[in-house]
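Notes for the one structure printed next.
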2 protein chains.
Amino acid sequence: EILGAIEEMLSPQQQILKGRRVLVTSGPTHEPIDPVRFIANRSSGKQGHAIAAAARAAGAEVVLVSGPAEVADPQGVRTLHVESARDMMAAVEENLPVDCAIFAAAVADWRVADASDQKIKKDAGGAPTLHLVENPDILASIARHHTLRPRLVVGFAAETEQVVAHAKAKRERKGCDWIVANDVSPATGIMGGDLNTVHLVSAAGVEDWPSASKAEVARRLVARIAAALGEAGR
Amino acid sequence: EILGAIEEMLSPQQQILKGRRVLVTSGPTHEPIDPVRFIANRSSGKQGHAIAAAARAAGAEVVLVSGPAEVADPQGVRTLHVESARDMMAAVEENLPVDCAIFAAAVADWRVADASDQKIKKDAGGAPTLHLVENPDILASIARHHTLRPRLVVGFAAETEQVVAHAKAKRERKGCDWIVANDVSPATGIMGGDLNTVHLVSAAGVEDWPSASKAEVARRLVARIAAALGEAGR
């Protein structure tokens, strides 16, 4: 009975996000070292793309800002392709205002301070040292936006230890409403895999969701977003 | 007439590498910074995989040692998947002896000296500095192998300036027979693209090949390899 009720709520007929504008970021960012080398991360884009697709299926107008992801653009979703964290920040800002923003991308915390215009030669005086500088903090910037803060701002936390503790601290520090936290230690197979096991951290506390496909996690998150936006009124 | 002769020579009926063992490396390598971040490069694996497929079509027994490439494993080719330069080196050594080795992978020159077991936290004291150390030089090691040097060792040079000059110097420095050199400046679209424009650098001099599909460059290179191995006798 409960399952049936959930399925009905999630069925494509139920346009629970109709009339809402939703922005999703997804995938990794690539930060250049020189024209051929870059710093990357293991995000495949599967979870973020699944959220964009689920929001679209629920009737939302969706903008997906995607780094170089492994997965194809979701059908019916306007997808903007970016490489670096700075590119992603600019694309996000250009697409405000939205009702809800979901920052699922694994944005590089740092970029190389002095990226080279030419390929760095191996024989040019020993191994280089890469000095990193902090990238813009997209989640915190949008969550604390003075004029265009979305009503619901959802961040992600990919951790390899103390997952929930780090996620709670991140929620406070960034000023967002929810954090979707998961353990991306290589042994979990979550990064790049099709399953996800997440914890939803909000002001109300922590929910431990059962392990499920990334598509199912996305549908569940979209249902929660619709409920939260509904409570807040149109 | 010339085209027809070339096509006949390259047709699948012509098993010009029958009885030969060929090893090909392809794709980028990924060098870990921590469990979720790594240093990568823009190699798609298209050219190396095309060479492995062409050598197989010409009747060779092919081993492909591939980093995390964007393209699928070629049919009928034993493909070994590796991540880092050190993994690739080990896989290459384990698969000697071969008649010909073609090192098309874009192997990272450096890795991070002190990769972290846990995700590096952003708030743990400012932006980190990445100290790099040199990776093993697969091409030079195999080209100068005391007991198992393949009869024909082919390296690749991906350059963004002074392409041929760098490739000539690289051939001397590494001790290999041929260098296939190309210009991978972003404006050329070669890295990740379907076309390639290469220069074949050997002891005899430099040949400038016309721009062609990576599959065509692969067939042409395989024909040249078969001729060189034939001249050297079985």
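A few comments on the model shown:
- For the range A:202-213, the condition of being crowded, with 21+ Cβ neighbours inside 10 Å and closer than 28 Å to B:Phe38 by Cβ holds for none of the residues.
- Looking only at the range B:58-82, and only at residues there that are of a type in the set (D, E, K, R) and crowded, with 17+ Cβ neighbours inside 10 Å, the one that is nearest to B:Val112 (Cα to Cα): B:Asp73
- For the range A:173-213, a residue qualifies if it is at pLDDT 95 or above, in a strand (DSSP E or B) and within 14 Å of chain B (Cβ to nearest Cβ), and exactly one does: A:Ala181.
- Residues in the range B:31-61 that are over 27 Å from B:Ile225 (Cα atoms) and in contact with a Lys or Arg (Cβ under 9 Å, 6 or more places away or on another chain): B:Glu31, B:Pro32, B:Asp34, B:Pro35, B:Val36, B:Arg37, B:Phe38, B:Ile39, B:Ala40, B:Asn41.
- Condition check for A:Thr147: surrounded by fewer than 21 Cβ atoms within 10 Å (Cβ to Cβ), β-branched (Val, Ile, Thr) and over 19 Å from B:Val112 (Cβ atoms): yes
- Boolean, A:His49 is out of contact with any Phe, Trp or Tyr (no Cβ under 6 Å at 6 or more places or on another chain), buried (at least 20 other Cβ atoms within 10 Å of the Cβ) and modelled with pLDDT of 95 or more: yes
- Close Cβ contacts (under 8 Å, 6 or more residues apart or on different chains) running from residues in the range B:108-124 that are hydroxyl-bearing (Ser, Thr, Tyr) to residues that are in a loop (DSSP other than H, G, I, E, B) comprise B:Ser116/B:Ile33; B:Ser116/B:Asp34; B:Ser116/B:Pro35.
- Conditions (1) farther than 24 Å from A:Pro32 by Cα; (2) within 14 Å of chain A (Cβ to nearest Cβ); (3) aliphatic (A, V, I, L, M): number failed by B:Leu23: (2)
- The strands (runs of 3 or more DSSP E) located wholly in the range B:41-150 that include 1 or more residues which are in contact with a strand residue (DSSP E or B) (Cβ under 7 Å, 6 or more places away or on another chain) and more than 14 Å from every other protein chain (Cβ to nearest Cβ) occupy B:61-66, B:78-81, B:100-103.
- The numbered conditions (1) at pLDDT 95 or above; (2) more than 10 Å from chain B (Cβ to nearest Cβ) are all true for A:Lys170 except (2).
- Selected residue (criterion: surrounded by the fewest Cβ atoms within 10 Å (Cβ to Cβ)) from residues of the range B:107-127 that are of a type in the set (D, E, K, R) and more than 13 Å from B:Ile33 (Cα to Cα): B:Asp123
- Selection within the range B:13-36: residues that are closer than 15 Å to A:Ser43 by Cα and modelled with pLDDT under 95. The member of this set that is surrounded by the fewest Cβ atoms within 10 Å (Cβ to Cβ) is B:Asp34.
- Among residues of the range A:28-40, those that are part of a loop (DSSP other than H, G, I, E, B) and more than 15 Å from A:Phe156 (Cα to Cα), counted: 5
The values are calculated or read from the model by the stated rules, or taken from the named source; none is laboratory data. Everything numeric in this text was worked out from a predicted model, so none of it was measured. In this analysis, Cβ positions are derived from the backbone assuming ideal geometry, glycine residues included, and neighbour counts consider all displayed protein chains.
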